[in-house]
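Engineer: The following block contains the structure, expressed as structure tokens.
Values in this text are rule-based calculations from the coordinates and carry no lab data. This structure is a prediction, so every number in the text was calculated from the model and none was measured. For neighbour counting, all protein chains shown are included, and Cβ atoms are generated from backbone atoms with ideal geometry for every residue, glycine included.
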Amino acid sequence: MRLRAAGALALTAALLTGCAQSVDPADPAEGPGKRAAGRVSPHGPETDQGLVPVVDRVRTEDKVVFLTYDDGAEKDPRFVGMVRERRLPVSMFLTDSVVGPGYGHFARLQSVGASIQNHTLDHTALPGLPYAGQRAEICGQQDKLKSRFGIRPRLFRPPHGRYDTTTRRAAADCGLSAIVLWTSADTDDTPLQPGDIILIGPDDPTGPPLWERTERVLRRVEGAGLRVGRLEDYV
């Protein structure tokens, strides 16, 4: 009996230890290059209930990469022409306070095939903000984009690529299906891989315009034997 009791106690201790090791504490602040377990493919395992998944690369065997643009500061009509002529399925993550009175430009981009996605109302750093503040930034821009374009975006990119668990919960509650980060940027020279999400950042007044930087990225894409895919078809 004593041996049986000792064995039962040992088994109970082992089970409790295993449970303790499986606990995943909430992350105080995530972002590119942070904890890999927080970044999942939409085709990978399910994430925590009530939290949207976070994607920085799409798991796919298709030879595609994805072009994404942040903020909405540059409104060069040459970029609209480029998207139209090349039929580029670009994704525009827009911030209301940055776009300002330029929503008409992005309506033109939408009409030639660009998708419109959420990047908050005011480009506020989200980690550490209470739930109500994060929800206001995210849901508020959902409402703005719905009124401007007639659609509610499915994808969200937090400012600076920074987020926490509260961000993931607020994004889910605002009707978004994923937080989208990036694998590569237009300033990188590293080889591209299938499924890479490329960030082409806001315009630098001292640097080349958006269409020219996009052209440079397209040369990288073609040189790698890849093509541009529509992100919304994969996420």
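Engineer: Based on the Cβ-Cβ distance of Leu218 and Arg152, what FRET efficiency does E = 1/(1 + (r/R0)^6) give at R0 = 22 Å, to the nearest 0.05?
Structural biologist: Values: r = 30 Å, r/R0 = 1.36.
Between Leu218 and Arg152 the formula returns 0.15.
Engineer: Among all the aspartates and glutamates, which ones have a C-alpha under 19 Å from Lys75's C-alpha, if same-chain residues fewer than 8 places away are not counted?
Structural biologist: Glu85, Asp96, Asp122, Asp186, Asp203, Asp204, Glu212, Glu215
Engineer: Once amide H atoms are built 1.01 Å from N in the peptide plane, which residues 5 or more positions from Gly195, or in another chain, come under 5 Å H to H?
Structural biologist: The list, which skips near neighbours in sequence, is Val64, Val65.
Engineer: Among 147-160, 167-180, 211-224, how do they line up from the highest to the lowest mean number of other beta-carbon atoms within 10 Å?
Structural biologist: Working: 147-160: 18.6, 167-180: 22.5, 211-224: 15.7.
Final packing ranking: 167-180, 147-160, 211-224.
Engineer: How much length, in nm to one decimal, is gained on full extension between Arg78 and Asp233, taken as 0.36 nm per residue of separation minus their Cα-Cα distance?
Structural biologist: On the way: separation 155, 0.36 × 155 = 55.80 nm, distance 2.59 nm.
Gain on extension, Arg78 to Asp233, equals 53.2 nm.
Engineer: Read phi for every residue in the range 123-140 and hand back ³J(HN,Hα) as whole Hz from Karplus 6.51 cos²θ - 1.76 cosθ + 1.60, θ = phi - 60°, with x for Gly and Pro.
Structural biologist: 6, 7, 5, 8, x, x, 5, x, 3, 4, x, 5, 4, 4, 5, 7, 5, x
Engineer: OK, next. Hey, rough spin-label estimate for Asp188 and Asp204, points 7 angstrom out along Cα→Cβ, what's it come to in nanometres?
Structural biologist: 1.7
Engineer: Give me the number: length gained by fully extending Arg87 to Ala107, i.e. 0.36 nm times residue separation minus the C-alpha to C-alpha distance, one decimal in nm.
Structural biologist: Values: separation 20, 0.36 × 20 = 7.20 nm, distance 1.57 nm.
Extra length from Arg87 to Ala107 when fully extended: 5.6 nm.
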